[in-house]
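Read the structure below first, then the notes.
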Amino acid sequence: MEQCRTLARRDGSSIAAADRIPAGRDLFMNDRRPVVLGYDAVSPLGISFEEQWDRAASGQSGVGLLTRFPMRENFPVHAAGQVPEADVTPYPFLRPREMVHWKSPIFKYGMLVVHRTLQKIGLEITGELSPRVATTFSTAIGGLDAVLDADRALVQSGQLPKPYVNPNSCINMVGGKVSILTNATGPILTTVTACATGSTSLIIGSLLLQNNMADVVICGAVDFPLVESIVAGFATMNGAYQDSPDYAPEPPACASRPFSAGRRGFIISEGAGCVILSTREFAQEHGLSFSLELAGWSMTADAYHTVAPREETIVHCIDGALKHAGINPGAVAAVNAHATSTRVGDEVEYKALRRIFQDRIPPVSANKSMIGHAMGASSAIEGIFAMEGMMRSTILPTINYTPDPAIDLDCVPGTARTLQQEYVLKNAFGFGGANACIIVHRIQ
């Protein structure tokens, strides 16, 4: 006879037999599941993580006027999610004479969140540990700003690029700088899957742990895409929110509205998030505490369109993550959605959730309503918000929400909600049809 363990339903009642988790159904043993040692982020909501959480929980927006570059007349985009300038004086490795060569902000902020995460954990990567520490910390766009600036100078005045320009634009260099900073000499790779890069970094890091190629992995992602030509390009492809004579002007903070009626595209933003994973055995041997684990994951390719999502393969990705975790949909307490605020993208994600959960879709949090879309870093930052919410028994709100009759979701509008969460689903879908779904489990 199949044994089952009973979980609590999201409202506190017991879960029906059909939603119980059969014992032994996990596709890999619990002691092989990667555990979360710590995390940190910077986002348009602030530099310190505590400030970001407090602002997010109170439903504040980090979106404002775009000021990263001088605005040309009739430039189509005026709203953005910009990370405040960080005070780097407490961090000697970010000394100005060194960082002047690394012009792209991905390096400063990427190294900052990694360093702070290691500080929180209390883990020093010594020479003995070094070969067993892997790096999958990644970026989707990289340091294109540095090479674009060099190109303009070359065209305008003939000035040759500085020696560090090409390294700035090398897509895997941010991982290289992180490994140098931390003395991590284990496997290193960059997981570029566009907007799903942060989640893919966690999945590939987990695979390294499970295949005994590392004991610890430095995961996460950073992107700072507020570069004039990149922003304009997102506008001309009708992805980014832009001013329009067909609509009345509105404050930038109101522009990002996932799943909402009248949504008009994503707000381009910037940020970085680091998550450090390890094997359970390593954490226990080194006295490192953990309360979260990656219970399951899945990746699929849409094989359909360069930017438009495909419902069928997203359903397959979510279902694969649930099966990998060994749970039924009823065990999921909340969903941290991809939810970019595009008309088609949000609708396809909703339809996929409806097919998985039917008429019992859990509460859905859309963090991009507050921080915008930080490209490859978005799923890393949002995943961190979801993890912190699990630890605090809180689900963050979706702001700027006006119900869309075609999308029947509980988006936790306005302010945060108290909610105990044993399992949370994190969705991330990238250009090129790269889908990544993760199930996070709170152990205690």
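The numbers here are math on the coordinates, done by the rules we state, and not lab data. Only a predicted model underlies this, so the values are computations on that prediction, with no experimental measurement involved. Don't worry about glycine lacking a Cβ; one is built from the backbone with ideal geometry, like all the others, and counts go over all protein chains shown.
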> Between L292 and residues 5 or more places away or on another chain, which pairs have amide H atoms under 5 Å apart, with H built 1.01 Å from N, and which residues are they?
Replying inline: V36, I443
>> Let's test this: bin the Cα-Cα distances of the stretch 248-368 at 5 Å from zero up to the farthest pair and state each bin's percent.
In response: 2, 9, 15, 18, 17, 16, 11, 7, 4, 1, 0, 0
> Residue-wise, which Karplus ³J(HN,Hα) couplings in Hz belong to the stretch 247-253, taking 6.51 cos²θ - 1.76 cosθ + 1.60, θ = phi - 60°, and x for glycine or proline?
Replying inline: 10, 5, x, 9, x, x, 4
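Given a cut-off of 30 Å, name the pairs among K103/K426; K323/K351; K120/K368; K108/K323 whose C-alpha atoms lie farther apart than that in the structure shown.
Numbers: K103/K426 32 Å; K323/K351 19 Å; K120/K368 26 Å; K108/K323 38 Å.
In this structure, K103/K426; K108/K323 exceed 30 Å between Cα atoms.
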> Can you give the extra length, in nm with one decimal, that the chain gains between V344 and M237 once fully stretched, where that is 0.36 nm per residue apart less the Cα-Cα distance?
Replying inline: 37.2 nm
>> Counting C-alpha atoms alone, how compact is the stretch 115-213: give Rg to one decimal and Dmax as a whole number, in angstrom.
In response: 16.5, 53
>> For the chain, set up a GNM with springs between Cα atoms under 10 Å and report which of G81, G432, G220 has the largest fluctuation.
In response: G432
>> Students often forget the sequence filter, so: which aspartates and glutamates lie under 13 Å Cα-Cα from K162 once same-chain residues fewer than 8 apart are removed?
In response: D149, D151
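What does the helix-only formula give at 222 nm for the chain: each DSSP H stretch with n ≥ 4 adding -39500 (n - 2.57), the total divided by the residues, and the result rounded to the nearest 500 deg cm²/dmol?
Numbers: 13 runs with 137 residues, N = 444.
So the calculated ellipticity at 222 nm is -9000 deg cm²/dmol.
If you wrap the chain's Cα atoms in a convex hull and average its projection over all directions, what's the area in nm²?
Details: hull surface 86.6 nm².
Orientation-averaged projected area of the Cα hull: 21.7 nm².
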> Given labels modelled 7 Å from the Cα in the Cβ direction, how far is it in nm from R354 to A153?
Replying inline: 5.4 nm
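Out of every Cα-Cα pair in the stretch 222-282, what percent are more than 13 Å apart? Write down the numbers at each step before the final one.
Values: 1304 of 1830 pairs.
Considering the stretch 222-282, 71 percent of its Cα-Cα pairs are separated by more than 13 Å.
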